[in-house]
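Here's the structure, in structure tokens; my notes come after.
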Amino acid sequence: LSGRTAQTMATLTAHGLAKEFPGHSPDDPAVVALRGVNFTVNHNEFCSVLGHSGCGKTTLLTMVAGFEDPSEGELLLDGKPIGKPGWDRSMIFQDYALFHWLTVEDNIAFGLQMKDVAKHKQESIVNNYIQLVGLSGFEKRYPHQLSGGMRQRVSIARALAVEPQILLMDEPFAALDAQNRGLMQQEMLRIWQQERKTCLLVTHSIEEAITLSDRILVMTRRPGTIKADLYVDLPRPRDEDDPKVIALKKHIRELIHNEFEIER
């Protein structure tokens, strides 16, 4: 896209990561959400995190975003500790998190305004990302005038417009119906192939993880740690009827199901 800045490297590393939430009273035990988490997401890699509800997936994502601090261990971006929320990381939320009183173009421009990007550059960047996510003609619409899929396109454009090093996604398509979810997965893949960001996606959908990812991290039950680190060495686009896709899906399902059996 025209006007883009040169992209720096973006490798995310977790070493001995743990997160404990204290109880609300002396009689309320602490909750250990994560323990001994180690992984690396390489530059421009698309990595998904799978696991049962309550295993710490979203906690992990919020620590990468800088919303929570680790209790132990460290998170590094290109070898430097991750601090508070910054422009080097953008989050796409399940509920879109758009400003209902702003138009499509103003929602996308919001982060650019916060970064004090010059007005003429804002307009160019916003126009580029509106085209990228397929919202040309909807620039002046408000969120309530858009479908769920279109609102998520606005969220994606807003997250990308500030030129983050890492794109973080917390179940971004979970609120969509099956047809639109499949469509948005393919759109996300198209956008990522053009933008080539380091991506970390939290999802409950094995199919979604396989469709999008270079790597899939499967987590244990709480306290969550990495049970399996799987490379998805399959050409894109991926066919759900491909025997290799079917075999990978079965393997991941067994990994997750075994954790459920342990919990019982």
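The values are calculated or read from the model by the stated rules, or taken from the named source; none is laboratory data. Here the structure is a predicted model, which is why all the values come from computation and not from measurement. Glycine gets a Cβ as well: all are built from the backbone with ideal geometry, and neighbour counts include every protein chain shown. Only protein heavy atoms, including side chains, enter the accessible area calculation; ligands, DNA and RNA are left aside. Shrake-Rupley method; radii C 1.70, N 1.55, O 1.52, S 1.80 Å.
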Please state which one of Phe67, Phe138, Phe99 is open to solvent by 30 Å² or more (accessible area, probe 1.4 Å), within 30 Å of Ile256 (Cβ to Cβ) and not β-branched (Val, Ile, Thr).
-> Phe67
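Right, Ala159: out of contact with any helix residue (DSSP H, G or I) (no Cβ under 7 Å at 6 or more places or on another chain), of a type in the set (A, V, I, L, M), surrounded by 14 or more Cβ atoms within 10 Å (Cβ to Cβ) and not in a loop (DSSP other than H, G, I, E, B) or not?
Details: out of contact with any helix residue (DSSP H, G or I) (no Cβ under 7 Å at 6 or more places or on another chain): yes; of a type in the set (A, V, I, L, M): yes; surrounded by 14 or more Cβ atoms within 10 Å (Cβ to Cβ): yes; not in a loop (DSSP other than H, G, I, E, B): yes.
It is true that Ala159 is out of contact with any helix residue (DSSP H, G or I) (no Cβ under 7 Å at 6 or more places or on another chain), of a type in the set (A, V, I, L, M), surrounded by 14 or more Cβ atoms within 10 Å (Cβ to Cβ) and not in a loop (DSSP other than H, G, I, E, B).
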Of all residues in the range 1-32, how many are open to solvent by less than 60 Å² (accessible area, probe 1.4 Å), at pLDDT 95 or above and more than 30 Å from Lys121 (Cα to Cα)?
-> 6
Test: residue in the range 54-64 that is in contact with a Phe, Trp or Tyr (Cβ under 8 Å, 6 or more places away or on another chain), surrounded by 15 or more Cβ atoms within 10 Å (Cβ to Cβ) and at pLDDT 95 or above = no
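State all residues of the range 209-232 that are assigned to a loop (DSSP other than H, G, I, E, B) and either in contact with a helix residue (DSSP H, G or I) (Cβ under 9 Å, 6 or more places away or on another chain) or modelled with pLDDT under 95 (or both); if no residue qualifies, say none.
Kept after step one, since they are assigned to a loop (DSSP other than H, G, I, E, B), are these residues of the range 209-232: 213-214, 220-223, 225, 232.
Listed by number, the residues that qualify are Thr220, Arg221, Arg222, Pro223, Val232.
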Would you pick out the residues in the range 75-88 that are open to solvent by less than 40 Å² (accessible area, probe 1.4 Å) and not small (Gly, Ala, Ser)?
-> Leu75, Leu76, Leu77, Ile82
On the given criteria, is Met91 of a type outside the set (Gly, Ala, Ser), crowded, with 21+ Cβ neighbours inside 10 Å and out of contact with any helix residue (DSSP H, G or I) (no Cβ under 9 Å at 6 or more places or on another chain)?
-> no
In the range 89-128, the residues that are closer than 28 Å to Leu176 by Cβ, part of a loop (DSSP other than H, G, I, E, B) and either within 22 Å of the chain's Cα centre (by Cα) or free of Cβ contacts under 8 Å to residues at least 12 places away in the same chain (or both) | Phe93, Gln94, Asp95, Tyr96, Ala97, Leu98, Phe99
